[in-house]
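The values are calculated or read from the model by the stated rules, or taken from the named source; none is laboratory data. These figures come from a predicted structure and were not determined experimentally. Heads up, the Cβs are rebuilt from the backbone with ideal geometry, glycines too, and the neighbour counts pull from every protein chain shown.
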Amino acid sequence: MLSRSDTPRLARRPGRLVAFSDAVFAIAVTLLVLEIQPPEDFGHLLRGLGALWSSYLAYALSFLLIGQVWVNHHVMFDRVRHVDRAVLFLNTLLLMVIAFLPFSTSLLAGALRAEQGLRTAVVVYGATLWTAAALFNVTWAHLRRAKLLYPGLGPFGVRAIGRRFALALIWIGSGVLVGVFVPIAGVVIIAGFLPAYYLPIPGEYGEDQKASDLRD
């Protein structure tokens, strides 16, 4: 069953949306490394490279976070039969946020290096990620409501994926809130959800997998 905003003749497969999104993710992670400028004083190159520690840290964190968003983007759209105009719009907003992340990363790295403005930098960085998480939740809710998901996913998988996306809002939001008072602790909290969100989601492969697990 398609969304009311589309007719069967206008049914859109998610392939082009995913391909375009993958390209934006690739560009975003490439821009991250371009923000790291080599030292100007080659007479003390080792010292200059060491002074860029904050850029390395922010680069690694953001690269893994964008990678995590990319993984969960596929988790979501691999379960989608068709997309409507609302999904196209929401995904465009998500990609706009992802494309902004290199700037937030540069801001965080600069604040760490200067030891000034760190509270604001952490809040901007965390708010960027929180906005991406919010768009994931809105998109997933619309996909469910408009019945654009494959029926084989089943209610167990749908709820499990939804819970994972909802938890990200709480987790990142907590990091932003803590970052207002203790910036470094806020970054640690935000980074802490990286391992959990690379793990598979129970039931994400649908009812067939659940039935097989029960038999085992």
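Within the range 152-178, can you find the residues that are of a type in the set (Lys, Arg) and surrounded by fewer than 18 Cβ atoms within 10 Å (Cβ to Cβ)?
Listed by number, the residues that qualify are 159, 163.
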Cross-chain or 6+ apart pairs with Cβ under 9 Å, the range 142-160 first and farther than 15 Å from residue 88 by Cα and in contact (Cβ under 8 Å) with a residue 60 or more places away in the chain, then among the polar types (S, T, N, Q) and part of a helix (DSSP H, G or I):
157/209
Given the conditions (1) surrounded by 15 or more Cβ atoms within 10 Å (Cβ to Cβ); (2) within 20 Å of residue 126 (Cα to Cα), report the number of the one that residue 82 does not fulfil.
(2)
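Checking the structure you have, find out if any residue of the range 2-16 is among the acidic types (Asp, Glu) and either modelled with pLDDT of 95 or more or within 30 Å of residue 152 (Cα to Cα) (or both). Before the answer, list the steps.
Applying the first criterion (among the acidic types (Asp, Glu)) to the range 2-16 yields 6.
In the following step, the residues that additionally are either modelled with pLDDT of 95 or more or within 30 Å of residue 152 (Cα to Cα) (or both) were identified as 6.
The answer is yes; a qualifying residue exists.
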If a residue must be outside any loop (DSSP other than H, G, I, E, B) and farther than 16 Å from residue 129 by Cβ, how many such residues does the range 32-45 contain?
6
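Quick check on my filter: what residues within the range 46-69 are more than 14 Å from residue 33 (Cβ to Cβ) and in a helix (DSSP H, G or I)? Working first, answer last.
The initial filter retains those residues of the range 46-69 that are more than 14 Å from residue 33 (Cβ to Cβ), namely 46-51, 53-54, 65, 68-69.
Answer for the range 46-69, where residues must be more than 14 Å from residue 33 (Cβ to Cβ) and in a helix (DSSP H, G or I): 46, 47, 48, 49, 50, 53, 54, 65, 68, 69.
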So the check is Cβ under 8 Å with 6+ separation or different chains; which pairs have a first residue in the range 191-207 that's within 19 Å of residue 149 (Cα to Cα) and free of Cβ contacts under 8 Å to residues at least 60 places away in the same chain and a second one that's among the polar types (S, T, N, Q) and crowded, with 16+ Cβ neighbours inside 10 Å?
203/209
Against the definition (of a type in the set (Val, Ile, Thr), touching a Leu at 6+ places or on another chain (Cβ under 8 Å) and crowded, with 16+ Cβ neighbours inside 10 Å), how does residue 87 come out, yes or no?
yes
Can you name the condition, by its number, that residue 41 falls short on among (1) charged (D, E, K, R); (2) touching a Ser or Thr at 6+ places or on another chain (Cβ under 6 Å); (3) surrounded by fewer than 16 Cβ atoms within 10 Å (Cβ to Cβ)?
(2)
Quick check: anything in the range 199-206 at pLDDT below 95 and under 25 Å from residue 57 (Cβ atoms)?
yes
